[in-house]
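The values are calculated or read from the model by the stated rules, or taken from the named source; none is laboratory data. Computed from a predicted structure; not experimentally measured. Note that we place each Cβ from the backbone using ideal geometry, even for glycine, and neighbour counts take in every protein chain shown.
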Amino acid sequence: MTNVERLQQAGLVQTHIPLTDDEIKSVNALSSAEIDALISVRAKLGDAFFQRKVKDGDSHRMGTVMV
Amino acid sequence: MMTHSRRVRETVSLVRGRLDSLIRDVWFHPRLSELYPEFLFAIYGVTASSSPAMRVAAERCAGVPAGDPIAAWLSTYYLEHAEEESGHEQWLLDDLASFGIPRNLALQRLPYASVAALVGVQYYWMFHVHPIAFLGYIAVLEEPASMEFLETVSRRTGIPLASMSAHVMHAKLDPDHVAEFDATLDALPLTQQHQELISVSAIATVAHLEHVFSDILEHFDRISNPAGAATIFTAPRIALASASREL
């Protein structure tokens, strides 16, 4: 089973909102421990759904938190 | 070639869609000038814990097994970084004060449980796995907003830049922080276990930050609703006019 299939099985990747080719490549490069972490925190993957309202580059301009 | 930093950034990029959306909901909130103190308070909880956590991480480097290729370097890095970040939480208290919220009132309020969870996870890894986990936390959190963005926010909302000193100072001091951090990470002789722990720490950091930003929005909803739960920022009405400091 590929990493993408594991995440689909865990419900973290919606079949009707597919990952991009780059995202699939990134997911399949992750180790088993990293996939476990994604499943553990119930991370929802993919830009298509969440970043619909965040324009390209916005996340860098807004920053995150800074410590 | 897949560098350490690229691997972490790609992993974070995969999972930060919801976080970016929440951060945007805060920055572009229709009542940001009223919400901003709540945002500052949340960040204060995170920032105040950063330097102490880095010092603990440095101490924990002494406890890793002999022969670890990066423990000595890591300890020095954390100590230097802790010194750089020391006192930054005071900017947030100053900003809160500019909104009419006295320091003692801000300090009396309990930080969000989500902030405690965000930072607490790092202590688990420092004490029970390896202090390199904290690099995953830094990779996600230490990304300041751009000065251009802050100026736009100030013009749009009327919040004086003087009341955004914490954001402004980071934008001015750390504009190249991400590139510098990535270069540092790429120069390290990381084992696969190190890489995985940094990555897992970053994934957890994104997940916990989602809760922090959700809390900012939800706390503000309660504050702005008289029937909701009271907080120290409920009354009197937050006054921008009290902002008087110049940067």
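Can you go through B:A42, B:A66, B:A48 and tell me which one is of a type outside the set (S, T, Y) and farther than 30 Å from B:S224 by Cα?
Within the list B:A42, B:A66, B:A48, the selection yields B:A66.
Based on this model, can you work out whether A:L12 counts as more than 9 Å from chain B (Cβ to nearest Cβ), modelled with pLDDT of 70 or more and either out of contact with any Cys (no Cβ under 8 Å at 6 or more places or on another chain) or surrounded by 19 or more Cβ atoms within 10 Å (Cβ to Cβ) (or both)? Yes; evaluated as a whole, the condition is true for this residue. Within the range B:25-48, restricting attention to residues that are buried (at least 19 other Cβ atoms within 10 Å of the Cβ) and aromatic (F, W, Y), the residue that is farthest from A:V41 (Cα to Cα) is B:Y36.
Look at (1) in a helix (DSSP H, G or I); (2) touching a residue at least 60 places away in the same chain (Cβ under 8 Å) and you find that B:H29 fails only one, number (1).
A quick yes/no check of all residues on (1) at pLDDT below 90; (2) surrounded by fewer than 20 Cβ atoms within 10 Å (Cβ to Cβ); (3) outside any helix (DSSP H, G or I):
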residue	(1), (2), (3)
B:I23	no, no, no
B:S50	no, no, no
B:A58	no, no, no
B:A66	yes, yes, yes
B:P69	yes, yes, yes
B:T76	no, yes, no
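Scanning the range A:15-33 for residues that are assigned to a loop (DSSP other than H, G, I, E, B) and within 12 Å of chain B (Cβ to nearest Cβ), we see that the one that is surrounded by the fewest Cβ atoms within 10 Å (Cβ to Cβ) is A:T20.
Condition check ((1) touching a strand residue (DSSP E or B) at 6+ places or on another chain (Cβ under 6 Å); (2) more than 30 Å from B:A97 (Cβ to Cβ); (3) within 11 Å of chain A (Cβ to nearest Cβ)) across all residues:
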position	(1), (2), (3)
B:T3	no, yes, no
B:T11	no, yes, yes
B:I23	no, no, yes
B:G45	no, no, yes
B:C61	no, yes, no
B:V64	no, yes, no
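Summed over the range B:109-125, the residues that are more than 14 Å from chain A (Cβ to nearest Cβ) and surrounded by 24 or more Cβ atoms within 10 Å (Cβ to Cβ) give a count of 0.
Looking for something at pLDDT 90 or above and within 18 Å of the chain's Cα centre (by Cα) - is there at least one such residue anywhere in the range B:185-193? No, every residue in the range B:185-193 fails to be at pLDDT 90 or above and within 18 Å of the chain's Cα centre (by Cα).
Against the test of being within 28 Å of B:E38 (Cβ to Cβ), in contact (Cβ under 8 Å) with a residue 24 or more places away in the chain and of a type in the set (A, V, I, L, M, F, W, C), the options B:L105, B:L79, B:L74, B:L110 yield a single qualifying residue, B:L105.
When the range B:135-164 is filtered for residues that are hydroxyl-bearing (S, T, Y) and more than 12 Å from every other protein chain (Cβ to nearest Cβ), the ones remaining, listed by number, are B:S154, B:T157, B:S163. Looking at B:P144, is it at pLDDT below 90 and surrounded by 13 or more Cβ atoms within 10 Å (Cβ to Cβ)? Yes.
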